[in-house]
Amino acid sequence: MKTLLINTLILVSFIGCTNSSKKNYEDEIKLFQYKLNTEFADATTSPLTAEDIKTFKALDFFDIDEDYKVTAELILTPEAPIFEMQTTTERKPLYKKYGIAKFTVNGINCELSLYQNQDFINSSTYGNLLFMPFNDLTNGKTSYGGGRFIDVEIPTKGNNTIEIDFNKAYNPYCAYNHSYSCPIPPAENNLNVSINAGEKAYHKLP
């Protein structure tokens, strides 16, 4: 009886910790979504047209799913050359491939390249972030047809893994306003899997 009671207490404690961890994660993603919505609702920071911002309520997101938060193997590419990334305009910002992330999502083995914007390397705000644009099988259906972006923190030196959270995937500004110049995800970042996480396609209110 004593052993049964101890095991029961351990199980209850484990379930409590698991539920608490899940709630904390959901709160983290909800805060990310809230910040995006706040930015879009503010005329001084919103990429929306002056007409669209008048009817803006909130962005649309997939349900939060922690299965789309993955720990990927990171293969560094220090010898990769600096290149001009294609955009929706003639602008061609300079990037360098920082590394390749290998991971599994929905049972599919995937690879995505991570890029470092050469203009932001010494930035106190963006210097520790890598740019991960990608396409997936939801493009043009439930997500924006031009692909989505994720900002990923550079891991500590010597760490051969990197965390990618697709629940934080967001649309380029071109999804809302064609006056912007947006990077086009390189072909090497086309995923043969549906990423049902992060921001959905933007639909204007009637």
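Read the figures in this text as sums done on the coordinates, not as results from a lab. Computed from a predicted structure; not experimentally measured. Ideal geometry is used to build each Cβ from the backbone, glycine not excepted, and the neighbour counts take in all protein chains shown.
Could you work out the local net charge near P78, counting Lys and Arg as +1, Asp and Glu as -1, over the other residues with Cβ closer than 10 Å to its Cβ?
+1
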Taking the chain and counting helices only, DSSP H stretches of n ≥ 4 at -39,500 (n - 2.57) each over all residues, the nearest-500 ellipticity at 222 nm comes to -7000 deg cm²/dmol
Scattering profile of the range 143-187 from the Debye formula, Cα beads only, expressed as log10 I(q)/I(0) at q = 0.17, 0.19, 0.29, 0.32 Å⁻¹, is -0.61, -0.70, -1.09, -1.19
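Listed highest first by mean packing, meaning other Cβ atoms within 10 Å per residue, what order do 132-141, 76-85 come in?
Per-residue mean Cβ counts within 10 Å order the peptides as 132-141, 76-85.
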XL table K54/K200; K69/K157; K102/K204; K22/K157; K23/K92; K23/K97; Cα-Cα > 32 Å flagged, in table order, is K102/K204; K23/K92; K23/K97
Rounded to the nearest 10 degrees, the helix 2-41 long axis (Cα) sits at an angle to the longest Cα principal axis of the chain of 20
If one builds a Gaussian network model of the chain from Cα atoms under 10 Å apart, the most fluctuating residue listed among K97, K69, K22 is K22
The answer for the net charge of residues other than N190 whose Cβ lies under 13 angstrom from its Cβ, with Lys and Arg +1 and Asp and Glu -1, is -2
Per residue, the convex hull enclosing the alpha carbons of the chain has a volume in Å³ of 171
The summed charge of the L94 Cβ neighbourhood (under 13 Å; Lys/Arg +1, Asp/Glu -1) stands at +2
